[in-house]
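What follows is calculated from the coordinates using simple rules that are stated; it is not laboratory data. Everything quoted here is computed from the prediction, not taken from an experiment. Neighbour counts run over all protein chains shown; Cβ positions are idealised from the backbone, glycine included.
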Amino acid sequence: MAINDSGTALYTVSDKTSIVYKLSFTGDVTQTFDFKGSNLEGVSTYIEHKLLLAEESKKKIIVLDMVTGTSSKHKITYKNYDRNSGIEGVTFDINSNTIFILNEKNPGKLIRLRNDFSVLSEYDLTFAADYSGIFYENSSHQLWILSDQNRTVNKCTLSGELIESFRIKVAQPEGIAVTDNSIYIVCDEKATLYVFKKP
């Protein structure tokens, strides 16, 4: 998930429909984008009215221009051992102009990309059974990482070290966005948005 620059709307994707949605903070769909991806598993705001989208099985990051509808694809080269456990999340660090992606499992990895989409660094993640969503929090310069199997929200450093973990009662949490007061989590399976008070 992602929050727009003005803090008035959310973005999410569905791996079932491979469509990009704009949502209100109450979960209503306010816009769909004329773009059809393949096995979309993550979305992030980017630069100049653009979004970053993650195609899991193809290990590609897509840059989608929300104004023109044009897009470009970038293959990310790294080792993983399961085609169905690829890129599960993407988020943009505006402070360092770098991109973070998650490899779901086999192995669980946090990968930092340069703005040309080459790999800057890789970190092994070991605090959960899988990793299903990621969000960069600008105010704290920290990452929030979801685990589907563990049903946890995990606050982490930029190198993937666990700071604090919170258990949630959400089946198959797949997307996360964080504001000063709230944590928004989406379940693609149930097409449901959950709102939690930020601890």
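In sequence order, region 85-99 has phi-based couplings of 10, x, 5, 10, x, 8, 8, 10, 9, 5, 5, 10, 6, 10, 10 Hz under the Karplus curve 6.51 cos²θ - 1.76 cosθ + 1.60, θ = phi - 60°, and Gly or Pro positions carry x. Our coupling estimate for region 170-186, obtained by passing each phi through the Karplus curve with A = 6.51, B = -1.76, C = 1.60 and θ = phi - 60°, is 9, 7, 6, x, 10, x, 9, 9, 10, 10, 4, 10, 9, 10, 9, 10, 10 Hz, Gly and Pro reported as x. Over 26 Å between Cα atoms, which of K22/K59; K58/K169; K50/K75; K169/K198 qualify? Exceeds cut-off: K58/K169. Which residue, S139, S14, S118, has the most motion in a Gaussian network model of the chain that connects Cα atoms within less than 10 Å? Largest GNM mean-square fluctuation: S139.
Take the Cα of K79, step 7 Å toward its Cβ, do the same at Q149, and the gap between the two points is 2.0 nm.
Mind checking region 60-94 for chymotrypsin sites (Phe, Trp or Tyr not before Pro) that DSSP puts in a loop (not H, G, I, E or B) and that have at most 12 other Cβ atoms within 10 Å? Walk me through the intermediate numbers first.
Numbers: sites: Y78, Y81, F92; in loops: Y78, Y81.
Those satisfying the criteria are Y81.
Close amide H contacts of S132 (hydrogens built in the peptide plane, cut-off under 5 Å, sequence separation of 5 or more or a different chain): L146, S147, D148.
Figure legend: label point modelled 7 angstrom from the Cα of T192 along Cα→Cβ; residues of region 128-156 with amide N under 15 Å from it are 151.
What full-extension length gain, to one decimal in nm, is calculated for V119 and V29 as 0.36 nm per residue of separation minus the Cα-Cα distance? Before the final figure, lay out each step's value.
Working: separation 90, 0.36 × 90 = 32.40 nm, distance 3.40 nm.
Residue separation times 0.36 nm, minus the Cα-Cα distance, leaves 29.0 nm.
For K79, the aspartates and glutamates whose Cα falls under 14 Å of its own Cα, not counting residues fewer than eight places away in the same chain, are E56, E104, E122, D124.
Note on the chain: GNM, Cα springs under 10 Å; of T70, T126, T157, the largest mean-square fluctuation is that of T70.
With all pairs of different C-alpha atoms in the average, the Kirkwood value for the hydrodynamic radius of region 1-145 is 15.1 Å. Label sites at T179 and S57, each approximated as a point 7 angstrom past Cα along Cα to Cβ, lie 3.6 nm apart.
Estimated at 0.36 nm per residue, the fully extended path between K36 and S96 surpasses their Cα-Cα distance by 18.6 nm.
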